[in-house]
Amino acid sequence: MEKDEFYLVDASDADIGILRELDELAYRPYITQLVGGWDPSYFPKMFRASDYQVVRRGHDIVGFVCVKEDVTSVFIRDVVLRPDFQNRGFGSKIIKTIIDGARIKNKKVTLKVFKGNRAIKLYERLGFYTNSEDETSFSMLLDPLSS
């Protein structure tokens, strides 16, 4: 395995601790700003291992991914990486893999991102555009067949 190689595996209930930590690192600043506080019990309540894949580098979990799919689209719910694995191309590779899978299935790719999240620039670089917004976030869309 190359130095910066990673792979995705299905999450298990045993992964909830590290995934909860990563979720808090990624989302606490946004949630705290929006609602004035952070509820650490939220993630365990909504966590279903079958919905997630963990991003591994060697034996270490360095992130997680949650993707939902329906008949016409693929929704990227989460791509979360440890801070020391951000800005190193891992997120781009993961999202490009999702886009390639959607292209094969002739599906659009959608996601929702908090306003102010620096990942917006990554999504735009990969071809996503904002198709709607609400008070807190942008909904973004990519049609991989036209990109």
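Throughout, read-outs are computed from the coordinates displayed, never taken from laboratory work. Remember, it's a predicted structure, so these values are computed and weren't measured experimentally. Cβ: placed from backbone, ideal geometry, glycine included. Neighbour counts: every protein chain shown.
Set the Förster radius R0 to 35 Å, insert the Cβ-Cβ distance between Arg28 and Leu145 as r into 1/(1 + (r/R0)^6), and round the FRET efficiency to 0.05.
Step by step, r from the Cβ atoms, then E = 0.45.
When only C-alpha pairs under 8 Å and at least 6 residues apart count, what is the relative contact order of region 7-142, in percent?
Across region 7-142, relative contact order equals 18 percent.
Using a 10 angstrom cutoff on alpha carbons, build the Gaussian network for the chain and name the most mobile of Phe128, Phe90, Phe43.
Among Phe128, Phe90, Phe43, the largest mean-square fluctuation in the Gaussian network model of the chain belongs to Phe43.
Output wanted: per-residue J couplings in Hz (rounded whole) for region 82-93, from phi through Karplus 6.51 cos²θ - 1.76 cosθ + 1.60, θ = phi - 60°, x for Gly and Pro.
Each residue of region 82-93 in turn: 4, x, 6, 10, 8, 6, 10, x, 5, x, 4, 5 Hz.
Run through every distinct alpha carbon pair of region 1-68 and return the Kirkwood hydrodynamic radius in angstroms, one decimal place.
12.9
Taking 1 over the mean of 1/r across every pair of different Cα atoms in the chain, what Kirkwood radius in Å do you get?
16.0
Report, in whole Å, the centroid distance computed from the Cα atoms of region 1-44 and region 117-147.
Centre-to-centre (Cα) distance: 21 Å.
How do Arg118, Arg56 line up, fewest other C-beta atoms within 10 Å first?
So the residues, fewest neighbours to most, are Arg118, Arg56.
Pairs on different chains or at least eight residues apart, Cα atoms closer than 29 Å: how many lysine pairs in region 7-142 fit?
Close lysine pairs found across region 7-142: 28.
Under a plain spin-label model, where a point goes 7 Å from the Cα along Cα-to-Cβ, how far apart in nm are Asp100 and Asp134?
3.3
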